[in-house]
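Have a look at the structure below before the remarks.
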Amino acid sequence: MKPASWSLAPRLAWRLAAVLVAAIGLAAIAVGWRAIVTARALDDTALQIQVHAVAVHLATAPGGTPLLDLPPALETAFHGGAGDNVFIITTPRDQVRLSSDPAAAALIVPYMPQTDGLFRVPATPAQPEGMVGFVTRFGAWRVAVAQSREQSEVLVRSLLSEFFSTGLVLLSVIGGTAALIGIWTVRDGLRPLRRASVAASRVDPAQPGRRLPDADLPAEVAPLVIAVNQALARLEAALGAQRRFVGEAAHALRTPLAVLTARLDALPESPDAGLLRRDADRMTRLIEQMLRMARLDGQPLDVSKPVDLRAVAIEAISMLAPLALPQGIELALREIGTPAPLTGNHAALVIGLTNLIENAVAHAPRGSLVEVELAAAARIAVLDRGPGVPAAERKAIFERFHRGPVGHVKRDSQMRGATGAGLGLAIVAGVAAAHRGAAWVEGREGGGAAFVLKLGTPADGAEGSCA
């Protein structure tokens, strides 16, 4: 299975953080825009206040000329700003009568509206930012006040610069905090799912009662875990029924096969009787292997006990020597170094090695040698000089009920049916897997095959399965 190339927690957290930062950014832009509008509205209000401040000090002389007596503060504001702040007193026809700066007044008056209100003066060399003013009617006169836009623009830029420089730092802090909180929240929420994933990886036919933990699960995940546990329960029931059927069927067939064999033995010697006896022997061997497989599959295999591989090899050879010698085949044990200490199941290893030796005897030519080789690295190999196994078949022959290719024919002997059922090597593979190892076949120089059983060293108390 291809591993996942991305993780949900950081992706979701960063997306949530990005949305939050974007929302804060938009809010900051809106606040900044509103600040500009407010600042300019305050400028307009200040202009109106200045106009009325000038107007209240305006009077008309008996000759019809305007008289203006400004307090010192206003006088300083209009005459000390180098033309940045200007007041203008005009007739209704915009003829200037009084001004704090006649030159500036000459530039401003053409842009004054005929009605009361705000007005704008375009940029000039003296006022690169232009000017903004307010004009109103006061008695017989029109009073206008104008000021440079540079003052207000500098203020606005200063406010925006301060706002956004502070805002960027704030956004960074908020975004980073949101990302960290999002990652922590998502990971914490997914922790029960990770526990369920670990438990799922440990589900094994050798431990059929194992289930996924269903406590403290998010509401979105709980139905999936419950459904998986229900599926595991159904699979456990089906697996148990299958194992019981195989064992019971094989056991039930032993009696009629024994009766059949006894009756065949009572027949007079003839070619047909010999063929029938060999067929009955093959059926007996198949039943015995099915029972063996059912026993190994039926319960967890305890592989926690110390095992002496030399003793395993001697026991397996001793069991099969009486069957191999009549075929002119010699069984021998060869040791290459001292096998490493191993924990496992002695009986299961004997069964697996017995199947390998039976397979070798079934294919070895008469008068040849079948060797059981023990290596130091918990490795057992059974070597024969038979026809070997084609490379394309070397993996498949360890599958249940797999039959070898037509070209891989056993010699005609009483051992003919030893592995013909296709279960012997499958049992070997199961025993190897239970011991955290593997089984495979290799070619031999000079012809023949080497069936290898490589074993691991599981921790004390570990359990394996031959499924």
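Taking other C-beta atoms within 10 angstrom as a stand-in for reagent exposure, Met319, Met131 fall in the order Met319, Met131, fewest first.
Cβ-to-Cβ counts within 10 Å put Arg194, Arg93, Arg285 in ascending order as Arg93, Arg194, Arg285, the fewest first.
So how do 355-367, 211-223 stack up, highest first, on mean other-Cβ count within 10 Å? Intermediate values should be presented prior to the final figure.
On the way: 355-367: 22.8, 211-223: 13.1.
Order by mean packing, descending: 355-367, 211-223.
Of the peptides 343-352, 228-237, the order by per-residue mean of other Cβ atoms within 10 Å, starting with the highest, comes out as 343-352, 228-237.
Please give the contour-minus-distance gain from Glu248 to Ala27: 0.36 nm per residue of separation, less the Cα-Cα distance, rounded to one decimal in nm.
Working: separation 221, 0.36 × 221 = 79.56 nm, distance 7.59 nm.
That pair, Glu248 and Ala27, stretches by 72.0 nm at full extension.
Across the stretch 53-110, the mean sequence separation of Cα contacts (distance under 8 Å, 6 or more residues apart), normalised by length, yields a relative contact order of 22 percent. Taking 17 Å as the cut-off, the amide N atoms of the stretch 209-245 that come nearer than this to a point 7 Å along the Cα-to-beta-carbon line of Leu12 belong to 216-225.
Listed peptides 323-332, 118-127 appear in the order 323-332, 118-127 once ranked by packing, highest mean of other Cβ atoms within 10 Å at the front. Taking each residue as 0.36 nm, the span from Met319 to Glu442 lengthens on full extension beyond its C-alpha to C-alpha distance by 41.8 nm.
No lab work stands behind these numbers, since they all come straight from the coordinates. Since this is a predicted model, take the numbers as computed values, not measurements. As a convention, Cβ positions derive from the backbone with ideal geometry for all residues, glycine included, and neighbour counts pool all protein chains shown.
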